[in-house]
Amino acid sequence: MLGLKSYRFIRNLAKSIPSFLSRDCTTTPESTGTDQQMANPHPEEPIVVEKENNITLIGINRPKVRNAIDSITGRKLSAAIAEFENDPKADVGVLHGIGGSFCSGYDLSELAGQQEPQQTLSIVHHPEGVMGPTRRMIRKPLVCAITGYCVAGGLELALMCDLRVMEENAVLGFLNRRFGVPLIDGGTVRLPALIGLSRALDLILTGRTVTAKEALDIGLVNRVVAVGAGLGQAYNLAMSIAKYPQLCIRHDRDAAYYGTFSAESFEQALEREAANVTVELLQEAKEGADKFRQGIGRGGSFSGIKERKLPDWERAEMKHESKL
């Protein structure tokens, strides 16, 4: 049964996705933004946050500059992601762009307008990063919906996320190379870990663009979807993660990142993996084992693995409809 809140959420979600039925797969990234700009319900807010159950959607909302991020927007994005991390009801986030493109990088008009080098340095040396919280690990799973242009610092934002869903006509690349703007939001660190040093250097040094097919082939993205389906499929991917017990999800995710980036040796990574098992995590595992003993989850079915807690508004609505 679809609740009123869910209906409103899906209606607003549909407004932010251009109609796939009205265009073919040869659509260019620029042409997908018109519908979204006309339907943009938050024209003055650079970062838009929406919540549905345990999923938080965080949208970059500067479509007139293809969602380029200036210093103010970067700080607001950091605050929005921190709020998502600290929300006990939020398990998985989706980062996306409003208006046809994910993000075209840092707003170079701000850089060009800086009169004093010290002003620029203060932006560059922001502890969390210029584009957002790119200089730390996000504490909860974050899925990126890539539409239109995802270039320069925008690609660094996508690399900050755990998983990436890319529309088939979207464009990736470090286009900042042609303007002499360095990568300072984790791109040189995360990209080699994802696709290997040789392939990473190819993209970093040449600044060439990458198609969806190549991005999928080299492991730069995890899913390629039809034009107009990026946000919806990213949300579905987030839901497929959010349905599982979350203490286990976070333990395994943290161990993978630690072993990849922080551990000094293979043995240290293994030690950390075991040392971070808590009593609460073991209790969650015991509850899962009890469900398995009852037959839940066997035969490939995952229904019933995690009990869905209905919010008060949905309980009240169900009670009201049962009386009709």
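The values are calculated or read from the model by the stated rules, or taken from the named source; none is laboratory data. These numbers were taken from a predicted model, which means no experiment stands behind them. Glycine also receives a Cβ, built like all others from the backbone with ideal geometry; neighbour counts cover every protein chain displayed. Accessible surface is based on the protein model in full, side chains and every heavy atom, while ligands, DNA and RNA are left aside. Shrake-Rupley method; radii C 1.70, N 1.55, O 1.52, S 1.80 Å.
Criterion first (open to solvent by less than 10 Å² (accessible area, probe 1.4 Å), in contact (Cβ under 8 Å) with a residue 12 or more places away in the chain and part of a loop (DSSP other than H, G, I, E, B)) does Gly100 satisfy it? Yes; evaluated as a whole, the condition is true for this residue. Taken over the range 290-299, the criterion of being open to solvent by 80 Å² or more (accessible area, probe 1.4 Å) and of a type in the set (D, E, K, R) is satisfied by Arg293, Arg298.
Look at the range 210-234: where a residue is assigned by the TED database to the domain that holds Leu163 and a partner is open to solvent by less than 50 Å² (accessible area, probe 1.4 Å) and basic (Lys, Arg), sitting 6+ places away or on another chain with Cβ atoms under 7 Å, you get Val221/Arg164; Asn222/Arg164; Val227/Arg23. Looking at Glu273, Glu264, Glu287, just one residue is open to solvent by 60 Å² or more (accessible area, probe 1.4 Å) and either at pLDDT 95 or above or in a loop (DSSP other than H, G, I, E, B) (or both), and that residue is Glu264.
Just one of (1) closer than 21 Å to Met137 by Cα; (2) of a type in the set (Lys, Arg); (3) without any contact (Cβ under 8 Å) to a residue 60 or more places away in the chain fails for Arg177. It is (1). Evaluation of Val210 against the conditions (1) more than 23 Å from Arg62 (Cα to Cα); (2) under 13 Å from the mean Cα position of the chain (by Cα) shows that the sole unmet condition is (2).
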